[in-house]
Each structure stands twice: as structure tokens, then as C-alpha cells.
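The values are calculated or read from the model by the stated rules, or taken from the named source; none is laboratory data. Bear in mind that the values here come from a model prediction, so they are computed numbers and not experimental data. So basically every Cβ, Gly included, is an ideal-geometry build from the backbone, and we count neighbours across all protein chains shown.
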Amino acid sequence: MPVAQSGSDKTGLILSNGKNVPLYKAVRDVVPASWGVKLSPDVAQNYRGKVSWTGNDQWPYVLHRMLASAGLTASVNDFTKEVVINYAAPAVKPVSPVLITGNKLLNEKTAPPAITPKAVNVLPAPRMLGVTPSSAQPVSEKLKPAPLPVLKSWKIDKGPSLITGFEEWVSKEKCPSLNGKWKIRKDTDNDYPVDYPLSFSSVNLEDATRQLFELYKNAPAPIYVTGYPVQCLIVISEKK
């Protein structure tokens, strides 16, 4: 069984290896005893495999490598000291791609800019599909399922701050309006260090942003993000 050496919650070492251990027990062995561990409902209901790990490293790195090899990922909340295990790439429920809209990503109520943003609907109206019955011979056709959206990996390495990592994401994404470049307006000086690598799987920037800032919702001063695609503007603030 791995042993976490004494030290701060994020620097404890895992000295031993583990092989073919049930998921919850493995996570519980790697994560410090003072932290909480939860499996997401999807993982708890469907995951039946076992996991292995290699020690001689700090427990956050051992945990992320162990889960990555099993197609899983961990949300580590420094403020509540809780680890939640999720699937790294959902395989059952397709996610409809959408753009960032004028709605709050985290239900904040920050006042919009002087120009009232307009939501952009880029999804076509649904089409009704059916089979016309024939009096001579019934026609039976199987509709092909729609292809699953392509998931993109969103990562922030250990070292840069939360806002710096987010700004790097935004710089690589194209805005649907104006010159195609997003502008970021920061109405807060709050920021948080990234003490361990973060990795998310999502089809677009909006969903990845929601996953990222969800980790910090219980921080002493949470950070909220709002996107306005018509103005190519993203506002970062601390007000609800």
C-alpha cells in the first residue's frame, strides 16, 4: 500500500507502486487521508476496471498519471480539499457545440458593456425525419446516428497563474465576429497559482472555461467570466 510522507497537502510523496486495484480504493490510497474523495455518478455507475500506479513522486502527479491511463481525470479542489473523479472524454452523451453567449458562464450578474450584446444562434433548426409508407411494400430504413463531436484537450501546465493560462486558451480561439480576435477585459486583480497540471476535455472554449473556473467556485474571492461574441469581448470579474 502506498504511503504519503509527512508535509504539506500537495507535497506528500507516494513511495510504493500499486497494480490492479479497484478505482475508489486506489484513489483513496493515493490521496491524503485528510482529503475527501468522490466518484462522479457516471463513473460510479459505469466504471468497473482496475487501475495501477507508479510511486516515488508527489501524490497529485501519481494520481493524474494513474487516472489518465484509465481514461479518467481528477478535479482537485484546494479550498475544500476534495478530489472528484470524472471520465476524461464522455463516450455516451454527445455535446452540442455552442458559442460563448451573453449569458453568464457561472451565473454571475456583472453589468454588460454599453452596447447590449446579442446572442448569436448558429445552430440550424431541427429537421423532422420520417419514412413515407408505401402501399405495395413497406420501406424500412435505419437512420445513421449523428457523429459524436470531436473533443479537444485543454491544458494548463504547472507554473502560470489561472488567468494567464486562461488567456493562452483564448488567444488560440477565433471569435465569430469583427476581426476574429477575442479581447479580454479584467475587472479584478484576483488570480490564483496553478500548483499542478490541469487538463480538461471539451468541444469548445465555453465548456472548457466552465470546467476550469468551477474548480475555484469556493475560493475566498471567486472569479467569474462572461463572453460577448458580437463584441468579441470576454469580461473577467469577481462580482456576482
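Here are the numbers:
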item: Extreme residue, modelled with the highest pLDDT, among residues of segment 124-167 that are assigned to a loop (DSSP other than H, G, I, E, B), among the hydrophobic types (A, V, I, L, M, F, W, C) and surrounded by 10 or more Cβ atoms within 10 Å (Cβ to Cβ); result: 151
item: Subset of segment 16-46 (residues that are without any contact (Cβ under 8 Å) to a residue 40 or more places away in the chain and within 19 Å of residue 200 (Cβ to Cβ)); result: 41
item: Members of segment 59-73 found to be within 21 Å of residue 33 (Cα to Cα) and either of a type in the set (S, T, N, Q) or touching a residue at least 60 places away in the same chain (Cβ under 8 Å) (or both), listed by number; result: 60, 61, 62, 64, 73
item: Subset of segment 51-83 [surrounded by fewer than 16 Cβ atoms within 10 Å (Cβ to Cβ) and over 20 Å from residue 15 (Cα atoms)]; result: 71, 79, 80, 81, 82
item: Residue match in segment 194-207 (condition: of a type in the set (Gly, Ala, Ser) and at pLDDT 85 or above); result: yes
item: Segment 30-85: number of residues that are among the aliphatic types (A, V, I, L, M) and part of a strand (DSSP E or B); result: 9
item: Tally, over segment 10-29, of residues that are within 15 Å of residue 67 (Cβ to Cβ) and part of a loop (DSSP other than H, G, I, E, B); result: 0
item: Checking residue 4 against (1) of a type in the set (A, V, I, L, M); (2) modelled with pLDDT of 90 or more; (3) over 23 Å from the mean Cα position of the chain (by Cα), the condition it does not meet; result: (2)
item: Cross-chain or 6+ apart pairs with Cβ under 8 Å, segment 214-240 first and basic (Lys, Arg), then not in a loop (DSSP other than H, G, I, E, B); result: 239/224; 240/224
item: Extreme residue, farthest from residue 63 (Cα to Cα), among residues of segment 173-200 that are of a type in the set (S, T, N, Q) and surrounded by 14 or more Cβ atoms within 10 Å (Cβ to Cβ); result: 177
item: Strands (runs of 3 or more DSSP E) contained entirely in segment 168-240, each with at least 1 residues that are closer than 18 Å to residue 80 by Cα; result: 198-202
item: Selection count, segment 212-240, where residues are closer than 12 Å to residue 190 by Cα and surrounded by 15 or more Cβ atoms within 10 Å (Cβ to Cβ); result: 8
